[in-house]
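The structure appears right after this line, and notes come after that.
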Amino acid sequence: MLPDIRNFTLAHLAEIPHLFLMFRRRDQLPLIDRLRDLVWPRIGWMRTITYYWHRLQRIPGTPESVAAGFGCGMAASMSPAVGTHVMVGMLLAYLLRGSLLASVIGTLVINPWTAPPVWFSTYYTGAFILGWDEYGHAGIAEFLEMFVGLSKAAVHLDLNLFISSVWPIFWPMLVGAGPVAVIVGVASYLILVPILRKLHERRMAARQKRNVQVSSERA
């Protein structure tokens, strides 16, 4: 049974403004700097990962809802439909009672360094399902050509370009994205839940300790 849409408008919709506050920069960087940060963030990958990990820990909600949201974001990022990851991740998180904020962070796992393994895994999983004879081999050059063609076809609404240059690679990637997304999403959920539970318990214990100290000082 699908969630009641009224619950979405009252609860989940309230989270959406926080999405923009969480990821908005005070000073908007030029396009060339934003592209460079995709390849190598100016603060380094380790500090970037640490930053988003702390963000994930501070998201309101139960460990299960945060982990479910993050898993939905990761699952959505397996799709070759670039540009739809955030919306699909949020939709999945809503349907599974997950955190919308965590789903957005989950989509950030895709970057120029992690994308190629995802492309290969989804394409060859789809090629295995559809048949090796028709969809046998594809490399980085074919993937890049496909994404360039996808961008041009979307901008110019060129269906012929999409069918001729994009579909032969896009279709097996889309088919393979299904099982890969399920594996990645479930695995990330199972890994995150116990970690977030432990962190939640520590925060609760620290909060109770502070409350006891404040009460004793007032007494």
| query | From the phi of every residue in the stretch 78-93, what ³J(HN,Hα) in whole Hz does the Karplus formula 6.51 cos²θ - 1.76 cosθ + 1.60 yield, where θ is phi - 60° and glycine or proline is x? | reply | 6, 6, x, 7, 4, x, 10, 4, 5, 5, 5, x, 5, 5, 4, 5
| request: Please work out whether the stretch 49-109 counts as rounded, prolate or oblate from its C-alpha gyration tensor, where a ≥ b ≥ c are the square roots of the eigenvalues and a/c under 1.5 means rounded, while otherwise a/b larger than b/c means prolate and anything else oblate? | output: oblate
| request: Write out the GluC sites (Glu not before Pro) in the stretch 70-168 meeting two conditions: DSSP loop, and at most 13 other Cβ atoms within 10 Å of their Cβ. | output: E134
| remark: Sequence order, the stretch 159-175: Karplus ³J(HN,Hα) from phi using 6.51 cos²θ - 1.76 cosθ + 1.60, θ = phi - 60°, Hz rounded, Gly and Pro as x, gives 5, 5, 5, 5, 5, 7, 10, 9, 4, x, 9, 5, 5, x, 5, 5, 5
| So, by mean Cβ neighbours within 10 angstrom, what's the order for 126-133, 176-183 with the highest one leading? | 176-183, 126-133
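Taken together, the values in this text are just the output of simple stated rules run on the coordinates, not laboratory data. Just so it is clear, the structure is predicted and the values come from calculations on it, not from any experiment. Here Cβ is always computed from backbone atoms with ideal geometry, including for glycine, and neighbour counts include all displayed protein chains.
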